[in-house]
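**Student:** Pasting a structure below so you can have a look.
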Amino acid sequence: MRVDAYEKVTGKALYGADRVLPGMAFAALALARTGRGRLISVDTSAAAAVPGVLAVETHFDLASPGFVMGGGFGFQSLQPMTDDHIAYRGQPIAIVVAETPVAATEAAEAITAEYEDEPTALHLDSEGATTLVQEEAIPLPFLADLKVGDADAVIDASPVTIEGTYEHPPQHAVPMELNGGVVHWDGDTLIVHEGTQNANALRFGLAQQLGIDAANIEVRSPYVGGGFGQKNSLLVHIGPLALVSKRLGRPVKLVLARTQTFHNGSFRPASRQRIRLGADETGKITAAVHEVDQQTSRHDLFPAMHTETSARLYGLSAYRGRQRLVQTDVQTPGYMRAPFESPSMFAFEQVVDELAYKVGRDPVELRLANDTDTDPISGLPFSTRYVADCLRRGAELFGWSGRNPEPRSMRADDGSLIGWGVAIGNYPCNTAATNATLTAGEDGRVTVAVDGHEMGQGIRSTIALHVAQDLGIPVGDVVVQVGDTTVGTQHLTAGSWGTASALPSVHSGLRELRKHLDVADTGDVEVAPAVAAVGHAVTVHADSVGPGQPADALAQSMTGHLAITGPEYPGFVTFSWIAHFVEVRVEPTTCRIRVPRVVSVADCGRVASPVTAASQVRGGVIWGIGAALREESMVDDRFGGFVNSTLEEYPVMVNADVHSIDVDFIDKPDYRYNPVGVKGLGEVSMVGAAAAVANAVHHATGRRHYRLPIRIEHVI
Amino acid sequence: MRPFAYAAPGSVDDAVAVLRDAVPGTKILAGGTTLYDLMKLGVEAPPAVVDVLRLPELAGITVTDSELVFGAGVRMADVSDHPVVRADYPALAESIWRAASQQLRNMATLGGNLLQRTRCGYFRGTDFACNKRNPGSGCAAIEGHDRHHALLGASSLCSATYAGDFAIALRAFDAVVDVVGPRGERPIALADLHVEPGEDPSREHVLDVDELIVRIRVPLTPAGRGSTYLKIRDRESYAFALASAAVGLVIDGQGVVTESRIALGGVATRPWRAVEAEQSLLGQPLTAESARRAGEIAFADARPGRTNRFRIELGIRTVADAVRTAGERAVR
Ligand SMILES: Cc1cc2nc3c(=O)[nH]c(=O)nc-3n(C[C@H](O)[C@H](O)[C@H](O)COP(=O)(O)OP(=O)(O)OC[C@H]3O[C@@H](n4cnc5c(N)ncnc54)[C@H](O)[C@@H]3O)c2cc1C
Ligand code: SF4
């Protein structure tokens, strides 16, 4: 069930840029056309002469919003149009406002500039790229390299060793909803309508940039047309938009063109993963080394957290992680769905597959043999870990027992090679501090305003369902408000903590509401009569923090900063788990790779909303297939930036690429983690999916691929 | 995008008159899925467009006793849905429904489809050197991303691929386009419509600026039934060909190939007919070896760039597979 399905299908749901305000003007950006350098001059005369143009601005007095992972609010610290430095191709150099979008676009295109070019480094290995050891460059405890025992020595002493280096390209999330929105001023109050996963960071980031009080900023983001991390912080167009809107005294709308979103928002950075495993003759893994080089920008250090998950996948006695950051001439990369976990699992789970072949053991059996209850890093128990059940149930649903392990041994009637691959994945269960306000109205409806953003993942449906089930009222009688700073804090919704963080405060709000309505702690409630008995609508507030999280996290969240904790909690560690089983078929002559069926079984604690949960997993699997077989953001060293910046050239999956994806859940609550028993799901859905595809391609063809995407030229 | 003048004449005669008197650079507009796109990108900037989308003479698909006749204004979607085309010329239908997306096919016309422009990324981005867009400026693709660039028919100035699908199938069937201009009507064989880049990559076809395609005629041939259009691409829909082949065959009672037509797409600077490959199949039974051999002959002169060598082998296999499918469908 999706409570907003009707609104979405009929176009009634209003996304950020859908606002049409009286007197609204339209903006467009002009972008730098050099890979890096200094701006010598900008010629705006032709732009200013375009009929209908109201303003052409090239310089703004705006403070840096600060980088979101450096205590700030922006996707990067660099605010364009504040000095003459060009850090990357596609950086905005001017903004035009006009009476129509067409005039604004025409004028923006008429802007020319002169640059003093500087050499660029765009790849991990480019001359001029600077490599930093992360734990030295960012000395924060949670970014320190994970080490248990002497992993290198254990591996050297192990009877079986295996290693591999895997390359992952940069990728872009390309959500359907383009970046952009509408801003206007109501007196001294700035109102921003923009699709974001982090309304509060927009609010406080703009306050910092503009030097005004956050109390005078409202951000409204009731629907987000896909965020996937690209909308998790303040983007660089909003500050300038707010200033031009103020100057003109009119609402202004800006929607970035698709190609512009490839440079004015984050992306998944390129990474290189080197994995070493030691094992005994049965394939029992003794130790692992995971070394990562990850791309970042020159102006920000986007922290790599690949080892957090790979260290927890199996029961190891020794582990060594090492993460380095490579500074290149790009905008700051960021959190694209399963940001580290998908690339690192693509590597780790292929190495594990190789191990299974090396010791002659079935890959499912080998994984089961390496299962554990205990986190190798902290020594603490996992609160819940049903990955073995995911593997067993997945194997059964898939028919894994029918697999001939020999590569190239299975063929379809048309001669296609059939490959079956498996991989598991995990994702840390972090928790954010959240607030909820619940109101029972005289009409019997219950309104719930809570920290959260609806990015299509279905948080509104999940909350409505939870409230409806708790009170025994129709889902239609629950109104859920999210993404709006006028009704709640609106902490960042990302990292799969959204539902697991919002539901606990809604849950405790319900207990509170029942008290104020003077009804029993459990059981169905006749809301309207209960409200009538009280004599007026009843409003209650509740909040929640993660296990062991200090209560001041709530105050921290209210200032627009991250206020999360996990996945290590007092006495336990919490991750979500998944197992993917993938069939690929490789055509006999032209070698096209198709994925006719996938079975994915997830352990996300209690399934809070079956329909939207299954969609999340299907979406994650589709992303995994896309990553494995298609997606790569291409770079042309001569020019900088990303060149395949359209939906035509950046090959996201299309419907015709998607076939059967069977989803199942273990559906066992994790009450140690939170009172509603719900763990995260959106990200773990993707983790391991690309690896399972790659393992299936290996099974089909006998060749292992160390670089994504695996395209026709690599298998022909 | 710059402002431009717009005219929508009511008949072909009026359209020709408007075009004859038009300011230099005026462009014919049909569905706009190429033209408007390039105007938005700043690659084309016509001062005026003449809309031919609704001209009655450009509408309709008819089947005579010697030809299939497509109005140049027929939408792509209407061709792929046409029962006769689907049954008797599967290659034509497949070349259309494997092109673009349903939304584009609902809007785009056949005339516009034939004259669509290349998808070379350096052509479509005004920041780059491109001899086609800006004659004499150089070619950014030579040292750049050339994964999709042409293996056949390139010159030292330009190796941009002719990206369309329908023209490939038409080329296999010896189609003719009828063109109307101020000097009246003239037929042009599809084989002569597009030109290789040679010394002037900006010139892509032989039409004069005031000439209009009114219809496309496809001579009836039994090879129509025994035909297929195989398109290999990076995803299963909404992508241009890495390699494609339109193949039509007639096979007699003894299993001997008596008529053979092979055209290549996605690999050449214009719709490409592989005459020697066709001939290699004639007069003998079809085998896996002869199909492969036809592919090898078709690509014998292929010249790869930096990153597209794999498409020679892919192209060979695409031809081989298409020949096999056409053989299965061929009338016996
Ligand atoms: C994202 C995308 C994906 C695509 N994928 C594919 C694909 O996979 N395969 C494929 O084949 N195509 C593909 N196309 C191209 C598409 O098929 C063409 O854009 C379309 O067929 C052009 O037809 P139109 O009517 O829109 O032409 P327009 O854009 O109106 O015109 C195109 C050109 O033809 C000229 N013209 C139009 N009609 C006439 C006429 N009657 N006489 C003389 N000149 C004329 C115009 O002046 C213009 O130069 C794709 C396009 C897009 C945007
Ligand atoms: S290949 Fe042709 S179209 Fe592409 S950049 Fe070179 S000259 Fe231009």
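**Student:** Please list, in order, the residues from the stretch A:345-385 whose amide nitrogen is less than 13 Å from a point placed 7 Å along the Cα→Cβ vector of residue A:280.
**Tutor:** Correct set: A:369-370.
**Student:** Around residue A:372, under 13 Å between beta carbons, what's the net of Lys plus Arg minus Asp minus Glu among the other residues? Please list the in-between numbers first.
**Tutor:** Details: positive: A:284, A:312, A:367, A:385; negative: A:371, A:373, A:375.
Net local charge, residue A:372 excluded: +1.
**Student:** Still on this structure, I have one more. Could you do me a favour and compute the accessible area per residue for the protein assembly as shown, 1.4 Å probe, result in Å²? Walk me through the numbers on the way to the answer.
**Tutor:** Values: 36360 Å² over 1048 residues.
With all protein chains present, the protein assembly as shown gives 35 Å² per residue.
**Student:** Taking all protein chains together and a probe of 1.4 Å, list A:290, A:184 from the most accessible to the least accessible.
**Tutor:** Working: A:290 0, A:184 35 Å².
So, going from the largest accessible area down, we get A:184, A:290.
**Student:** Quick check: the angle from helix B:310-329's long axis to the longest principal axis of chain B, C-alpha only, nearest 10 degrees?
**Tutor:** 70 degrees
**Student:** Can you pull the Rg over Rh of chain A, Cα-only, Kirkwood?
**Tutor:** A ratio of 0.98.
**Student:** Something else: Treating cross-link reach as a plain straight distance, find the aspartates and glutamates whose alpha-carbon is under 19 Å from the alpha-carbon of residue A:246, omitting any fewer than eight places away in the same chain.
**Tutor:** A:57, A:61, A:99, A:186, A:188, A:194, A:213, A:218
**Student:** For residue A:516 and residue B:309, what is the calculated FRET efficiency with R₀ set at 60 Å and r taken between the beta-carbons, to the nearest 0.05? Could the numbers behind the result be given before it?
**Tutor:** Values: r = 73 Å, r/R0 = 1.22.
The pair residue A:516/residue B:309 has a calculated efficiency of 0.25.
**Student:** For chain B, which whole-number percentage of the solvent-accessible area (1.4 Å probe, protein heavy atoms only) is attributable to carbon and sulfur atoms?
**Tutor:** Working: 6600 of 12990 Å².
C and S atoms contribute 51 percent here.
**Student:** Could you pull out which residues in the stretch B:107-123 have an amide N less than 11 Å from a spot 7 Å beyond the Cα of residue B:189, following the Cα-Cβ vector?
**Tutor:** none
**Student:** Ignore the peptide's own chain and count Cβ atoms of other chains within 10 Å of each Cβ in B:237-246; give me the average, rounded. Don't skip to the end; give the middle numbers.
**Tutor:** Working: counts 4, 8, 6, 2, 0, 5, 2, 0, 0, 0.
Counting other chains' Cβ atoms within 10 Å and averaging over B:237-246 gives 3.
**Student:** Let me ask another. Classify the stretch A:1-57 as rounded, prolate or oblate from the Cα gyration tensor: take a ≥ b ≥ c as the square roots of its eigenvalues, call it rounded if a/c is under 1.5, otherwise prolate when a/b beats b/c and oblate if not. Don't jump to the answer; show the numbers that get you there.
**Tutor:** Details: a/c = 5.22, a/b = 2.03, b/c = 2.57.
Since a/c reaches 1.5 but b/c is at least a/b, the shape of the stretch A:1-57 is classed as oblate.
**Student:** For residue A:713 and residue A:443, calculate 0.36 nm times their separation in residues minus their Cα-Cα distance, and state this gained length in nm to one decimal.
**Tutor:** On the way: separation 270, 0.36 × 270 = 97.20 nm, distance 6.34 nm.
Net length gain for the segment: 90.9 nm.
**Student:** On a full-extension model of 0.36 nm per residue, what is the gain between residue A:213 and residue A:597, subtracting their alpha-carbon distance, rounded to one decimal in nm?
**Tutor:** On the way: separation 384, 0.36 × 384 = 138.24 nm, distance 5.33 nm.
Contour length minus the Cα-Cα distance gives 132.9 nm.
**Student:** Quick check on the protein assembly as shown: helices-only [θ] at 222 nm, where DSSP H runs of length 4 and up contribute -39,500 (n - 2.57) each and the sum goes over total residues. Nearest 500, please. Each step should come with its number before you reach the end.
**Tutor:** Numbers: 32 runs with 283 residues, N = 1048.
Mean residue ellipticity, 222 nm, calculated: -7500 deg cm²/dmol.
**Student:** Take residue A:21 and residue B:129, extend 7 Å from each Cα along the Cα→Cβ direction, and tell me the distance between the two endpoints in nm.
**Tutor:** 4.7 nm
**Student:** Continuing with this model, one more query. Just tell me, in residue order, which DSSP H segments of chain A are both 27 angstrom or longer along the helix axis (alpha-carbon based) and at least 0.5 in mean Kyte-Doolittle hydropathy.
**Tutor:** A:610-629
**Student:** On the full set of protein chains, 1.4 Å probe, figure out the accessible area of residue B:206 and give it in Å² to the nearest 10.
**Tutor:** Estimated to the nearest 10 Å², residue B:206 gives 40 Å².
**Student:** Could you please state, rounded to a whole Å, how far the C-alpha centre of the stretch B:300-332 is from the C-alpha centre of the stretch A:108-177?
**Tutor:** The stretch B:300-332 and the stretch A:108-177 have Cα centres separated by 40 Å.
**Student:** May I pose another question? Which of the three applies to chain B, rounded, prolate or oblate, going by the alpha-carbon gyration tensor with a ≥ b ≥ c and a/c under 1.5 meaning rounded?
**Tutor:** Note, shape of chain B comes out oblate.
**Student:** Once the Cα atoms of helix B:288-298 and of chain B are each reduced to a long axis, what angle between those two axes, in degrees from 0 to 90 to the nearest 10, is obtained?
**Tutor:** Approximately 40 degrees, to the nearest ten.
**Student:** Which residues, if any, in the stretch B:303-319 have at least 30 Å² less accessible area in the whole protein complex than in the isolated chain, probe 1.4 Å?
**Tutor:** Residues shielded by partner chains are B:310, B:314, B:317.
**Student:** What is the local net charge at residue B:97, summed over the other residues whose Cβ is closer than 14 Å to its Cβ (Lys, Arg +1; Asp, Glu -1)?
**Tutor:** On the way: positive: B:75, B:86, B:98, B:105, B:231, B:233; negative: B:78, B:81, B:94, B:165, B:236.
So the environment of residue B:97 carries a net charge of +1.
**Student:** Another question, if that's okay. Rounded to the nearest 0.05, what FRET efficiency do residue B:156 and residue B:17 have when you use their Cβ-Cβ distance and R0 = 25 Å? Mind dumping the intermediate values first?
**Tutor:** On the way: r = 41 Å, r/R0 = 1.63.
In this case the efficiency is close to 0.05.
**Student:** Separate question: How big is the B-A contact in terms of buried accessible area, both chains counted, 1.4 Å probe, rounded to the nearest 100 Å²?
**Tutor:** On the way: alone 14390 and 24760 Å², together 36360 Å².
About 2800 Å² of accessible surface is lost on pairing.
**Student:** Continuing with the same structure: What's the local net charge at residue A:553, with K and R +1, D and E -1, over the other residues with C-beta under 15 Å away? Provide the component values of the computation, followed by the final result.
**Tutor:** Details: positive: none; negative: A:451, A:543, A:552.
Within the 15 Å Cβ shell, the charges total -3.
**Student:** Simple spin-label model, 7 Å along Cα-to-Cβ: residue A:706 to residue A:150 in nm?
**Tutor:** Each label point lies 7 Å from its Cα, and together they span 2.8 nm.
**Student:** Which stretch or stretches of the stretch A:490-521 have amide N atoms under 17 Å from the point lying 7 Å from residue A:551's Cα along the Cα→Cβ direction?
**Tutor:** Counting only backbone N, you get A:505, A:508-509, A:512.
**Student:** Which residues, if any, in the stretch A:690-716 lose at least 30 square angstrom of accessible heavy-atom surface (probe 1.4 Å) when the other protein chains sit next to their chain rather than the chain being alone?
**Tutor:** A:711, A:712, A:713, A:716
**Student:** For the cross-link pairs A:515/A:668; B:27/B:231; B:40/B:132, which exceed 26 Å when the distance is taken from alpha carbon to alpha carbon?
**Tutor:** Working: A:515/A:668 29 Å; B:27/B:231 30 Å; B:40/B:132 18 Å.
Violating the 26 Å limit, Cα to Cα: A:515/A:668; B:27/B:231.
**Student:** Please compute the modelled spin-label separation between residue B:276 and residue A:526, points set 7 Å along Cα→Cβ, answer in nm with one decimal.
**Tutor:** 9.1 nm
**Student:** I would also like to ask the following. Kindly report, to the nearest 10 Å², the accessible surface of residue A:84 as traced by a 1.4 Å probe over protein heavy atoms only.
**Tutor:** It works out to around 60 Å².
The values are calculated or read from the model by the stated rules, or taken from the named source; none is laboratory data. The shown structure was predicted, so the numbers you read here are calculated from the model rather than taken from an experiment. Cβ: placed from backbone, ideal geometry, glycine included. Neighbour counts: every protein chain shown. What goes into the accessible areas is simple: the full protein's heavy atoms, side chains included, and nothing from ligands, DNA or RNA. Shrake-Rupley method; radii C 1.70, N 1.55, O 1.52, S 1.80 Å.
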